[in-house]
Amino acid sequence: MKISIVGGGYVGLITGACLAEMGHEVKIIDVDEKKVNAINSAKPPIYEKGLEDLLIRHSGKNLTAGSDFSSVRDSELSIICVGTPQNKDGSADLGYIISAAESVGKELKIFDGYHVVAVKSTVPPGTTTGIVLPTIMKASENNSCIGFAMNPEFLREGIAVGDFMNPDRIVIGSVDKRAGDLVESVYSGFNTKILRTGIVSAEMIKYASNSFLATKISFSNEIGNICKTLGIDVYEVMGGVGLDHRISPYFLNAGCGFGGSCFPKDVSALIHFARLKGTDPVLLESVLKVNQMQPLVIVDILKKHLGSLEGKRITVLGLAFKGDTDDVRDSRAIPVIEALIADKAEVHVYDPMANKNMKELFPVIICHESAEDALKDSDGCLVMTEWPEFSRLNKEFDTMKNRLIIEGRRILNVPDAEGICW
Ligand code: UGA
């Protein structure tokens, strides 16, 4: 099938590359010329396992990128994959969605075949029918040959190619059966459950999934904080809890909380949306509250050991919001570094990939090229990201002034490390 993907960011690029791998003819549309050139020359503008191989196989063949929307008219399906960043009040900013819909609609003004517009971006329930559909109808001067669908993504950063190719489920929400059938045919090569729903339900499934996973994490962290007062290991406890098949063992890893570009933003947007609708999202608010407090718990433990942090040299190992990425968006290391700086500590950091991104946020931090360098003469070490290489550290901690090691992620293999909630 000929498919246009609007937005060559993380979701659009993975979707485009994977659909090309499935044999479709894909055109990615992005306003950023640099990104377009990178895709066309098979150089992934972001790091994702397996992405470069897909680009090498398909770029310039059945996967191309460009900045004009003319390919829309030549495609049967347009998939909108633009970002929905967070507004100051927690709501989702739909500016990119609206301009994508306008551009797609304009192309479909003089078009007489059948074309489906599917939204893959994470959007508040009601956006596809309430905003995308009327915007496209207006821009296309009410072209009646357009169908609408919502097809949420469930891709984890770092392993998104694997998630796309082996999904737990594919959700397709549509206004009418014909539009849903066309989107379903795109996934005919996938061996997984395809769930057909209404459009608003598909939008809500995405928000509810991310909010539930975030809830599991905050729940484990709250249980972990209680375990800490009892002197027991939350991993032993949640290991026992997760064996119940109704609960499952996944996303129960306690630590310093969830970060990234999705969970914090999506839970906030759902809270904002719920309030607009006149409901009181107390559970979701608590999920965020636990997550905001959790990174500060590790700073409190540090202070219990060291007293005032003024002039102390503190090492932060791990800056990315999770391992295998340089992404620091909403990383739990951010509030920790903020607190350390406020307490006048001298902050030394090391991350295998994210030093540069964190330095941009906090020019005052001192970045090191290895954990060993960052640990030298340190008064205390906080581990904030589960990088596999940290599991091999041990003698490196001996170079600290004081071998005080506190883990916000369960990754070390040293007997004297103290866990944030274990
Ligand atoms: C998340 C979801 O997992 C994807 O299904 C979804 O498609 C994506 O958001 C999105 O909406 O686009 P992602 O943000 O890439 O994916 O990262 P996760 O692997 O889910 O981790 C999020 C955060 O939770 C990280 O900071 C991680 O360290 C933390 N986490 C995860 C825990 O603290 N404990 C856990 O047990 C699992």
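For region 249-264, the set of residues classified as buried (at least 21 other Cβ atoms within 10 Å of the Cβ), farther than 22 Å from residue 417 by Cβ and more than 6 Å from the ligand (Cβ to nearest atom) consists of 264 only. Of all residues in region 349-389, those satisfying the criterion of being hydrophobic (A, V, I, L, M, F, W, C) and either closer than 17 Å to residue 306 by Cα or exposed (fewer than 14 other Cβ atoms within 10 Å of the Cβ) (or both) are 364, 375, 381, 382, 383.
How many residues, within region 315-348, are buried (at least 24 other Cβ atoms within 10 Å of the Cβ) and touching a His at 6+ places or on another chain (Cβ under 9 Å)? Here the count works out to 2. Scanning region 172-199 for residues that are closer than 21 Å to residue 14 by Cβ and part of a loop (DSSP other than H, G, I, E, B), we see that the one that is nearest to the ligand (Cβ to nearest atom) is 192.
All of 228, 206, 216 fail the test of being more than 23 Å from the chain's Cα centre (by Cα) and either basic (Lys, Arg) or open to solvent by 50 Å² or more (accessible area, probe 1.4 Å) (or both), apart from 228. Scanning region 126-137 for residues that are at negative phi, in contact with an Asp or Glu (Cβ under 8 Å, 6 or more places away or on another chain) and open to solvent by 20 Å² or more (accessible area, probe 1.4 Å) returns a single hit, 135. Answer yes if at least one residue in region 132-148 is within 16 Å of the ligand (Cβ to nearest atom) and within 24 Å of residue 22 (Cβ to Cβ), and no otherwise. No - not one qualifying residue is present in region 132-148. For beta carbons closer than 7 Å, sequence separation of 6+ or different chains, a first residue in region 255-283 that is not assigned by TED's automatic domain parsing to the domain that holds residue 124 and a second that is surrounded by fewer than 15 Cβ atoms within 10 Å (Cβ to Cβ) and part of a loop (DSSP other than H, G, I, E, B), the qualifying pairs are 272/89.
Filtering region 243-253 for residues that are assigned by TED's automatic domain parsing to the domain that holds residue 84 and touching a helix residue (DSSP H, G or I) at 6+ places or on another chain (Cβ under 8 Å) leaves an empty set. Residues of region 65-76 that are open to solvent by less than 30 Å² (accessible area, probe 1.4 Å) and not in a strand (DSSP E or B): 71, 72, 75. Just so you know, in region 26-47 the residues that are open to solvent by 30 Å² or more (accessible area, probe 1.4 Å) and acidic (Asp, Glu) include one that is farthest from the chain's Cα centre (by Cα), and it is 33.
Being outside any helix (DSSP H, G or I) and either more than 16 Å from residue 162 (Cβ to Cβ) or open to solvent by 60 Å² or more (accessible area, probe 1.4 Å) (or both) is the filter here, so list the residues in region 48-60 that pass it.
Going through region 48-60, the residues outside any helix (DSSP H, G or I) turn out to be 48-50, 59-60.
Passing the criteria: 49, 59, 60.
Scanning region 77-118 for residues that are in a loop (DSSP other than H, G, I, E, B) and surrounded by 16 or more Cβ atoms within 10 Å (Cβ to Cβ) yields 81, 82, 83, 84, 90, 91, 94, 108. Checking region 50-73 against the condition returns a match, with at least one residue being in contact with a Lys or Arg (Cβ under 9 Å, 6 or more places away or on another chain), closer than 23 Å to residue 180 by Cα and not hydrophobic (A, V, I, L, M, F, W, C).
Considering (1) in contact with a helix residue (DSSP H, G or I) (Cβ under 9 Å, 6 or more places away or on another chain); (2) open to solvent by 20 Å² or more (accessible area, probe 1.4 Å), the lone condition that residue 23 does not fulfil carries the number (1).
Given the criteria of a type in the set (Lys, Arg), touching a Ser or Thr at 6+ places or on another chain (Cβ under 7 Å), more than 10 Å from the ligand (Cβ to nearest atom) and open to solvent by 20 Å² or more (accessible area, probe 1.4 Å), does residue 169 qualify?
On the way: of a type in the set (Lys, Arg): yes; touching a Ser or Thr at 6+ places or on another chain (Cβ under 7 Å): yes; more than 10 Å from the ligand (Cβ to nearest atom): yes; open to solvent by 20 Å² or more (accessible area, probe 1.4 Å): yes.
For residue 169, the condition - of a type in the set (Lys, Arg), touching a Ser or Thr at 6+ places or on another chain (Cβ under 7 Å), more than 10 Å from the ligand (Cβ to nearest atom) and open to solvent by 20 Å² or more (accessible area, probe 1.4 Å) - is met.
Taken as a whole, region 55-66 holds no residue that is over 24 Å from residue 136 (Cα atoms) and within 18 Å of the chain's Cα centre (by Cα).
The values are calculated or read from the model by the stated rules, or taken from the named source; none is laboratory data. Just so it is clear, the structure is predicted and the values come from calculations on it, not from any experiment. Note: ideal-geometry Cβ built from the backbone for every residue, glycine included; neighbour counts use all protein chains shown. What goes into the accessible areas is simple: the full protein's heavy atoms, side chains included, and nothing from ligands, DNA or RNA. Shrake-Rupley method; radii C 1.70, N 1.55, O 1.52, S 1.80 Å.
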